[in-house]
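Working notes for the structure below.
The values are calculated or read from the model by the stated rules, or taken from the named source; none is laboratory data. Since the structure is predicted, the reported quantities are computational estimates derived from the model, not experimental observations. Here the Cβ is made from the backbone with ideal geometry for all residues, glycine too, and neighbour counts use every protein chain on show. Please note that ligands, DNA and RNA were not included when accessible areas were found on the heavy atoms of the full protein model with its side chains. Shrake-Rupley method; radii C 1.70, N 1.55, O 1.52, S 1.80 Å.
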Amino acid sequence: MAKPKKSLTAVERRAEELDTIAAVLPIERRDDLAELLTDQDVETLRHLVNQGMGDNTLRALTSDLTYLEAWGLAATGRSLPWPAPEALLLKFVAHHLWDPQWRESDPDHGMPAAVDENLRSQGFLKSVGPHSPSTVRRRLANWSTLTKWRGLDSAFASPALKSAIRLAIRAAPRQRLRKSAKAVTGDVLARLLATCATDSLRDLRDRAILMVAFASGGRRRSEIAGLRREQLTVEPPIPVEDGAPLPSLAIHLGRTKTTSGEQDDVVYLTGRPVEALNAWMVAARIEGGSVFRAIGRWGTVSKRAIDPQSVNAIIKQRAEMAGLEPGEFSAHGLRSGYLTEAANRGIPLPEAMEQSRHRSVQQASSYYNNATRRSGRAARML
């Protein structure tokens, strides 16, 4: 006689439901999410997956929703109410945007110690001081979006909330920092590549990652981690005067942070990056699926793609091996470094943007122009 199936707890049921969307929405902390998120939260995420929302957007939404639920439990002792009352939104701002100097004379200013310790013990809170205004605004925006998707009205546009954010930022101004303190320009890249000089699998992989990410216009770490063999197309060699033709490859980007996925955005690799990529794929025997994969301690190449955070870790590890300060570099430094190097070599901004696929001239030029401002005519008026 068959044993009756054991009934699942609410947490176990949510964990199984999260498993059904893990292929589209990579989830590293499934069990933690199952405990923090409500049934309605999980159902909302499943709906968004079915609607075809981009993976990166879903990851960001899930991350922010999980943080908000964790904060709500720590600050109020219960899950987030939907819709959130204005008082709760103001409390969120007060807990995350505060004045360090005021905190010295008033310990109750900002996030309460108990809430801070709760979030920190779970790994949700890592920053020592107040959050950046952009992080607070993004989490509020995602909170507002999730509220609208539930068909509810909200107080996110209230004058009191807007005023609270504006006054909090004015009271505790923060210097805006780039995602990577330093750009990985050509000279820095050469030092990183010098640490990948052997024919070991790890050196071949890391060399290919560095060269492909940079040469393809400074691809985002999620695009590099998610690159698949099916996205690569061999192109006719590029003729070179008085030399052998250079190998050429096209990368079909598909859905990215700034595209819908219906467009066939293509960037091209020529010469050394193609050779580095081919060397890795031959050595790792990659004929399909994920291009960049984890390597086990015994030299076994995994079938799964590396995590986007691993790209960041590789940059920092190679920077340390090259005698650089790893804290000054990140995967985003390849993106800013590509445009900075383009400016150093006199490549016109529109041509550089064709390869980087930046949609915003203002954003792209912020990297491009910084490379020439110090030595430009505007800085030498006297």
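Could you give me the residue pairs with C-beta distances under 7 Å whose first residue belongs to the stretch 59-88 and is of a type in the set (S, T, N, Q), whose second residue is in a helix (DSSP H, G or I) and buried (at least 16 other Cβ atoms within 10 Å of the Cβ) wherever it lies, and which are 6+ apart or on separate chains?
Listed pairs, sorted by first residue: Thr62/Leu45; Thr66/Leu33; Thr66/Leu36; Ser79/Glu69; Ser79/Gly72; Ser79/Leu73.
Here are the criteria: (1) within 11 Å of Ile224 (Cα to Cα); (2) crowded, with 18+ Cβ neighbours inside 10 Å. Tell me which single one Ala319 does not satisfy.
Among (1) within 11 Å of Ile224 (Cα to Cα); (2) crowded, with 18+ Cβ neighbours inside 10 Å, the lone unmet condition for Ala319 is (1).
If I ask for residues that are hydroxyl-bearing (Ser, Thr, Tyr) and either over 30 Å from Glu43 (Cβ atoms) or under 26 Å from the mean Cα position of the chain (by Cα) (or both), which ones from the stretch 106-156 would you list?
Within the stretch 106-156, the first condition is being hydroxyl-bearing (Ser, Thr, Tyr), and the residues that meet it are 121, 127, 132, 134-135, 144-145, 147, 154.
Listed by number, the residues that qualify are Ser121, Ser127, Ser132, Ser134, Thr135, Ser144, Thr145, Thr147.
Considering (1) open to solvent by less than 30 Å² (accessible area, probe 1.4 Å); (2) more than 28 Å from the chain's Cα centre (by Cα), say which one Arg103 fails and leave the rest.
The single condition Arg103 does not satisfy is (1).
List pairs: first in the stretch 222-245 and under 30 Å from Asn312 (Cα atoms), second open to solvent by 70 Å² or more (accessible area, probe 1.4 Å), Cβ under 9 Å, 6+ apart or cross-chain?
Every condition considered, the pairs that remain are Ser222/Arg59; Ser222/Lys257; Glu223/Lys257; Ala225/Gln309; Arg229/Glu287; Glu235/Tyr268.
In this structure, does Ser336 turn out to be under 18 Å from the mean Cα position of the chain (by Cα), assigned to a loop (DSSP other than H, G, I, E, B) and buried (at least 17 other Cβ atoms within 10 Å of the Cβ)?
no
Return the only residue of Arg380, Arg359, Arg345 being among the basic types (Lys, Arg), closer than 19 Å to Ser216 by Cα, open to solvent by 40 Å² or more (accessible area, probe 1.4 Å) and at pLDDT below 75.
On the way: Arg380 fails: closer than 19 Å to Ser216 by Cα; Arg345 fails: at pLDDT below 75.
From the options Arg380, Arg359, Arg345, the qualifying one is Arg359.
Report, by residue number, each residue of the stretch 262-314 that is on the phi < 0 side of the Ramachandran plot, out of contact with any helix residue (DSSP H, G or I) (no Cβ under 9 Å at 6 or more places or on another chain) and basic (Lys, Arg).
Arg297, Lys303, Arg304
Please identify the pairs in which a residue from the stretch 194-217 that is touching a residue at least 24 places away in the same chain (Cβ under 8 Å) and buried (at least 17 other Cβ atoms within 10 Å of the Cβ) has its Cβ atom under 7 Å from the Cβ atom of a residue that is among the small types (Gly, Ala, Ser) and not in a helix (DSSP H, G or I), counting only partners at least 6 apart or on another chain.
Thr195/Ala322; Leu201/Gly299
Could you check how many residues of the stretch 318-359 are touching a residue at least 60 places away in the same chain (Cβ under 8 Å) and touching a Pro at 6+ places or on another chain (Cβ under 9 Å)?
3
Regarding the stretch 62-77, can at least one residue be identified that is in contact with a Ser or Thr (Cβ under 8 Å, 6 or more places away or on another chain), modelled with pLDDT of 75 or more, open to solvent by less than 40 Å² (accessible area, probe 1.4 Å) and among the acidic types (Asp, Glu)?
The answer is yes; a qualifying residue exists.
Only one of these is closer than 25 Å to Leu45 by Cα, surrounded by 19 or more Cβ atoms within 10 Å (Cβ to Cβ) and either at pLDDT 85 or above or of a type in the set (Asp, Glu) (or both): Leu80, Leu88, Leu97. Name it.
Leu80
Please list, ordered by first then second residue, the pairs with beta carbon atoms under 9 Å, 6 or more apart or interchain, first in the stretch 130-151 and farther than 18 Å from Gly110 by Cβ, second of a type in the set (D, E, K, R) and surrounded by 19 or more Cβ atoms within 10 Å (Cβ to Cβ).
Arg138/Asp64; Ala141/Asp64; Asn142/Asp64; Trp143/Asp64; Leu146/Asp41; Leu146/Asp64
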